[in-house]
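Asks: Structure provided below as structure tokens; questions to follow.
The values are calculated or read from the model by the stated rules, or taken from the named source; none is laboratory data. Please read these numbers as outputs of a predicted model, since none were measured by experiment. When we count neighbours, we look across all protein chains shown, and the Cβ atoms used for this are built from the backbone with ideal geometry, even at glycine.
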Amino acid sequence: MLALFYIFIAVAIGVSFWQITRILNFRTSIATDKDNDVQGKLFLGFLAFLYAMMIYCLIFMNVLMLPESASIEGEHDDRLFNITFILIGVVQFLMQFLLFYFSFKYRGKKENKALFYADSHKLEAIWTITPAVVLVVLIGYGLWQWNNIMDLSDAEDPLIIEVYSKQFQWEARYAGDDNALGRGNVNYIKGINTMGVDMTDVNAQDDKQVTEIHLPKGRKVIFKFRSQDVLHSAYMPHFRAQMNCVPGMVTEFGFTPKFTTEEMRVQSEVVEKTAAINKIRKEKGEDPYVFDFILLCNKICGASHYGMQMKIVVEEEEAFKKWISQQPTLAEVIK
Amino acid sequence: MSEHHHKETFVTKYIFSQDHKMISKQFLITGIFMGVIGVFMSMLFRLQIAWPEKSFTIIEAFLGPHQNDGIMNPDMYLALVTIHGTIMVFFVLTAGLSGTFSNLLIPLQIGARDMASGFLNMISYWLFFISSIVMVVSLFVEAGPASAGWTIYPPLSALPQAIPGSGLGMTLWLVSMAIFIASSLIGSLNYIVTIFNLRTKGMKMTRMPLTMWAFFITAIIGVVSFPVLLSAVLLLIFDRSFGTSFYLSDIFISGEVLHYQGGSPVLFEHLFWFLGHPEVYIVLLPALGITSEIIATNSRKPIFGYRAMIGSIMAIAFLSTIVWGHHMFISGMNPFLGSVFTFTTLLIAIPSAVKAFNYVTTLWKGNLQMNPAMLFSIGLVSTFVTGGLTGLVLGDSALDINIHDTYFVVAHFHLVMGVSAILGMFAGIYHWFPKMYGRMMNKTLGYWHFWITLISAYGVFFPMHFIGLAGLPRRYYTNTNFPMFDDVADINVVMTLFAILGGVAQLLFLANFFISIYRGKKAEQNPWRSNTLEWTTPVEHIHGNWPGKIPEVHRWAYDYSKVDDNGDYVHGEDFVLQTVPLKDGEDPS
């Protein structure tokens, strides 16, 4: 019923508007020289507004950004991003200037004549070739980096981890001493075997199912992703890593952690961001936030999509070995 | 002509009309109606984003069973973003924009009495109408409307166990889209045939206004890609209702293993984006065509680089059909394919840059007439540049990994296709309103409408890039579960305030539009002193468009401010209708 009330108010506003127009009689309709002058100046003003907003965002929202890449592979992502961003930033400032400045400068007057200027192959060649040359650089670096990230064939002794997704939870399985994962399929899901591991597979015996991912610093990790119900996407923003989890197939992604969690916590960008967050949390009376790497779901997967997360801990090799040795194998857990 | 004297009943004139001018108005009004729903939804979910799980009476009023004490349910949040996307992309910016202006302008600007098939044209509108009705009805089903995102990726969209909206709501969505695609195909074929066959004497392809080129190429992309979406939709209906496994395999949900074997959601993604990406240009190219025409007219200058503009429309159209994989870099498809799609995607920057530079050069040394349509066109170029540039970041597969499905993407596509296309649509409405209704819209309201819309569009979508770079995923009901995103809360509030401002500003437009239909000042025949053929028709609509013979065309559409050697206007005024023959010694442009 409340909806009806709102609709009634909207209609009432419409009707009163209708009545007002009777008085105004909607006289003006085509731009006069005065309009051209005012609107042209407004465009100049808008240019100032846009510049101010862009500069404000660039400076004051910098603290929001993700900190430096925590994976070795991600360093090139950051560099490529910076190159691209500076480039588009320059073009953006330039193009908006030309557009709005021309709109101001050439605002119409009765006595003015526009210049009949229909074509210039030279100019067009310039602005076809310039972007093309710039693109060669971006495409070249981009494709090299893409290959660098996605080609996992040459990784030496990588750590294999299966990341398993379902509504609305992550699970993970380490490959164990043989560093080979046992087969998995939804048909094997039963009781505590929540990831559907085929326990008749010899490779599965030493696999370890965990609720928190630990990674050793400096060793390449290859993630194998599976999903049991709908699409999910494993997003690890600090490592510049993301891959969809697709029911019916295994997808993979790899990276080498560069900093431990402890090292990240004292990094200047992280300290600054954490301080800003904690200031806000304190005002709301919430517990302070401590930085942690995180795995979140980034593909719409259902009502509680927004809650799906898992903590990732990066530690030194020693600490990792100790932690993993404490985890029980599947053979011990599932009889 | 005898057909002028046919007696018309109310039904044949206003409802089952076969006249392209009436059909274009029907498309526009339906599009506006759907647009109001789509924009209103976005304001509801913006409330939730800015003030998570806070109670609002307006949410209580409109969301019925899908809210608790004014707090919307997470399901409903997803449903709102899904239907907002669907309505805005298909119903407003495809049918509302292309349907309106292709229908209105194609016969008028090429010099034809009507579309090639008036009957099919009527069918096209009524199919669109039915699909709109089905979509609106789906909002009222018990479990809620489709809520798997506008991209409806299975298995989420295929399994009602996964999300309630994938029940009857999804079925209605699919039925509505199937009907919509039929409507779009019939319309597009009609546009193509009309442009090929019904051009008046002298209207060579190379003399057509750029609007015609844009609509023509748009129709071709639509015919090439919409059938693929239809097949994707049909296969999904099969998976949902008849037990096939095109997209589904190895699924365990609600405690049981489902029977599906051997399908792949990645197949759906390929089929969907084979339309989905060209769709961006189906939305955008008509807006760019409209803008080309309006910028030239109001700059009193020929459009700069007419042939380059046509070339870039064609290049964009061609490339648009071979870049769909850039939506799927991290879908699990072969990384080599990712490389190919990165390459083709970034190439689109070249023709897009040519278009942007050509617009700016057209303004240079012009005599700019700041009519509301002109303001919207300049605004379009601005948002097209801002949004287009970030495409260089997203199109690069290596960079896409970390910003895929974050708010950076949302900011990018809203600016480059959402806001740009909407501004183009408004530009078209302000410019051709006199042709549609024989009256003028109020310019002061138009100015206010423009400035509030542009400022709020930037206010919403510019800061959004940075939230995306902070790593915040889109389609989150709330980000309060992640303390690392606590620092974006204030920005979300600002963005929502801008969104509400922008939404409310559209009331100015609605008032101006509907009141002007009845009370606007009577229009002159050629109010904007334009060159194109539609302004040679009488203000009052008649069947067949021109009372006598169809005029012959003797020149291109852009002889604005053409001067002779003495610097005087060749034809005494700063515009020359396409129907005016060349003078002795006048260079054809």
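Asks: Among all residue pairs at least 6 apart or on different chains, which show Cβ distances below 9 Å where the first residue, located in the range B:266-290, is without any contact (Cβ under 8 Å) to a residue 40 or more places away in the chain and the second is surrounded by 24 or more Cβ atoms within 10 Å (Cβ to Cβ) and aliphatic (A, V, I, L, M)?
Replies: From the range B:266-290, the pairs are B:L267/B:A232.
Asks: Just need a number here: residues in the range A:242-281 that are within 7 Å of another protein chain (Cβ to nearest Cβ) and closer than 22 Å to A:Q169 by Cβ.
Replies: Number of matching residues: 8.
Asks: Being assigned to a strand (DSSP E or B), in contact with a strand residue (DSSP E or B) (Cβ under 9 Å, 6 or more places away or on another chain), crowded, with 20+ Cβ neighbours inside 10 Å and at pLDDT 95 or above narrows it down to one residue among A:F253, A:F259; which is it?
Replies: A:F253
Asks: Let me ask you something else. Give the residue, chosen from B:F462, B:F450, that is modelled with pLDDT of 95 or more and within 23 Å of A:S29 (Cα to Cα).
Replies: After applying the criteria, what remains is B:F450.
Asks: Which count do you get for residues in the range B:234-259 that are at the interface with chain A (Cβ under 10 Å from one of its Cβ atoms), free of Cβ contacts under 8 Å to residues at least 60 places away in the same chain and of a type in the set (S, T, Y)?
Replies: Result for the range B:234-259: 2.
Asks: Test B:S241 against the stated conditions and say whether it is modelled with pLDDT under 95, over 22 Å from B:I330 (Cα atoms) and either surrounded by fewer than 24 Cβ atoms within 10 Å (Cβ to Cβ) or among the β-branched types (V, I, T) (or both).
Replies: yes
Asks: Could you say whether any residue in the range A:69-92 is over 27 Å from A:M236 (Cβ atoms) and over 22 Å from the mean Cα position of the chain (by Cα)?
Replies: yes
Asks: Only one of (1) within 30 Å of B:H554 (Cα to Cα); (2) surrounded by fewer than 17 Cβ atoms within 10 Å (Cβ to Cβ); (3) charged (D, E, K, R) fails for B:R519. Which number is that?
Replies: Only one criterion in (1) within 30 Å of B:H554 (Cα to Cα); (2) surrounded by fewer than 17 Cβ atoms within 10 Å (Cβ to Cβ); (3) charged (D, E, K, R) is unmet by B:R519, namely (1).
Asks: So, in the range B:468-482, how many residues would count as being among the aliphatic types (A, V, I, L, M) and more than 7 Å from chain A (Cβ to nearest Cβ)?
Replies: Of the residues in that region, 1 qualify.
Asks: Another one. Taking the condition away from chain A (no Cβ under 13 Å) and in a helix (DSSP H, G or I), does B:V266 pass?
Replies: no
Asks: Please go through the range B:413-447 and give me each residue that is within 11 Å of chain A (Cβ to nearest Cβ) and in a helix (DSSP H, G or I), ordered by number.
Replies: B:Y430, B:F433, B:P434, B:K443, B:T444, B:L445, B:G446, B:Y447
Asks: For the range A:298-309, indicate whether the set of residues that are more than 20 Å from the chain's Cα centre (by Cα), buried (at least 20 other Cβ atoms within 10 Å of the Cβ) and facing chain B (nearest Cβ under 9 Å) is non-empty.
Replies: Yes.
Asks: With the requirement that a residue be over 30 Å from B:Y14 (Cβ atoms) and either free of Cβ contacts under 8 Å to residues at least 60 places away in the same chain or within 11 Å of chain A (Cβ to nearest Cβ) (or both), what does the range B:506-537 give you?
Replies: B:R529
Asks: Additional query: Take B:E540 and tell me if it is closer than 27 Å to B:L210 by Cα and either facing chain A (nearest Cβ under 7 Å) or surrounded by fewer than 19 Cβ atoms within 10 Å (Cβ to Cβ) (or both).
Replies: Against the criterion (closer than 27 Å to B:L210 by Cα and either facing chain A (nearest Cβ under 7 Å) or surrounded by fewer than 19 Cβ atoms within 10 Å (Cβ to Cβ) (or both)), B:E540 qualifies.
Asks: When the range A:105-132 is examined, which residues are found to be of a type in the set (G, A, S) and more than 7 Å from every other protein chain (Cβ to nearest Cβ)?
Replies: Result: A:S120, A:A125.
Asks: Quick one: B:P372 ticks every box in (1) under 23 Å from B:Y306 (Cα atoms); (2) modelled with pLDDT of 95 or more; (3) out of contact with any strand residue (DSSP E or B) (no Cβ under 8 Å at 6 or more places or on another chain) except a single one, so which number is it?
Replies: So the condition that B:P372 fails would be (1).
Asks: Sticking with this structure for a sec: Taking the stated definitions as given, is B:T218 under 18 Å from the mean Cα position of the chain (by Cα) and either surrounded by fewer than 24 Cβ atoms within 10 Å (Cβ to Cβ) or in a helix (DSSP H, G or I) (or both)?
Replies: yes
Asks: What strands (runs of 3 or more DSSP E), lying completely within the range A:143-230, carry at least 3 residues that are within 14 Å of chain B (Cβ to nearest Cβ)?
Replies: By residue number, A:159-166, A:169-174, A:221-227.
Asks: A further question follows. Hey, does the range A:21-43 have a residue that's of a type in the set (S, T, N, Q), outside the structural domain of A:F102 (by TED's automatic domain parsing), modelled with pLDDT under 80 and part of a helix (DSSP H, G or I)?
Replies: yes
Asks: Only one residue in B:F180, B:F140, B:F129 is more than 30 Å from B:I550 (Cβ to Cβ), hydrophobic (A, V, I, L, M, F, W, C) and part of a loop (DSSP other than H, G, I, E, B). Which one?
Replies: Result of the check over B:F180, B:F140, B:F129: B:F140.
Asks: Go through A:F259, A:F223 for me and flag whichever is among the hydrophobic types (A, V, I, L, M, F, W, C), in contact (Cβ under 8 Å) with a residue 60 or more places away in the chain and touching an Asp or Glu at 6+ places or on another chain (Cβ under 7 Å).
Replies: Checking each option against the conditions leaves just A:F223.
Asks: Right, another one. Would you check which residues across the range B:108-140 are of a type in the set (A, V, I, L, M, F, W, C), more than 23 Å from the chain's Cα centre (by Cα) and surrounded by fewer than 18 Cβ atoms within 10 Å (Cβ to Cβ) and list them?
Replies: Within the range B:108-140, B:F119, B:F140 meet the criteria.
Asks: Can you name the number of the only condition in (1) farther than 30 Å from A:S268 by Cα; (2) within 9 Å of chain B (Cβ to nearest Cβ); (3) part of a loop (DSSP other than H, G, I, E, B) that A:L66 fails?
Replies: So the condition that A:L66 fails would be (1).
Asks: On to the next question. Against the condition more than 8 Å from every other protein chain (Cβ to nearest Cβ), free of Cβ contacts under 8 Å to residues at least 24 places away in the same chain and assigned to a helix (DSSP H, G or I), how does B:F485 come out, does it pass?
Replies: yes
Asks: What number of residues within the range B:198-215 satisfy the criterion of being assigned to a helix (DSSP H, G or I) and modelled with pLDDT under 95?
Replies: Of the residues in the range B:198-215, 3 are assigned to a helix (DSSP H, G or I) and modelled with pLDDT under 95.
Asks: Tally up the residues in the range A:94-122 that are under 36 Å from the mean Cα position of the chain (by Cα) and among the small types (G, A, S), please.
Replies: 1
Asks: With the checklist (1) within 24 Å of B:W451 (Cβ to Cβ); (2) at the interface with chain A (Cβ under 7 Å from one of its Cβ atoms); (3) in contact with a Phe, Trp or Tyr (Cβ under 9 Å, 6 or more places away or on another chain) in hand, flag the one item B:Y359 doesn't pass.
Replies: With (1) within 24 Å of B:W451 (Cβ to Cβ); (2) at the interface with chain A (Cβ under 7 Å from one of its Cβ atoms); (3) in contact with a Phe, Trp or Tyr (Cβ under 9 Å, 6 or more places away or on another chain) applied to B:Y359, the lone miss is (2).
Asks: Within the range B:380-391, can one find any residue that is of a type in the set (G, A, S), more than 7 Å from chain A (Cβ to nearest Cβ) and not in a helix (DSSP H, G or I)?
Replies: no
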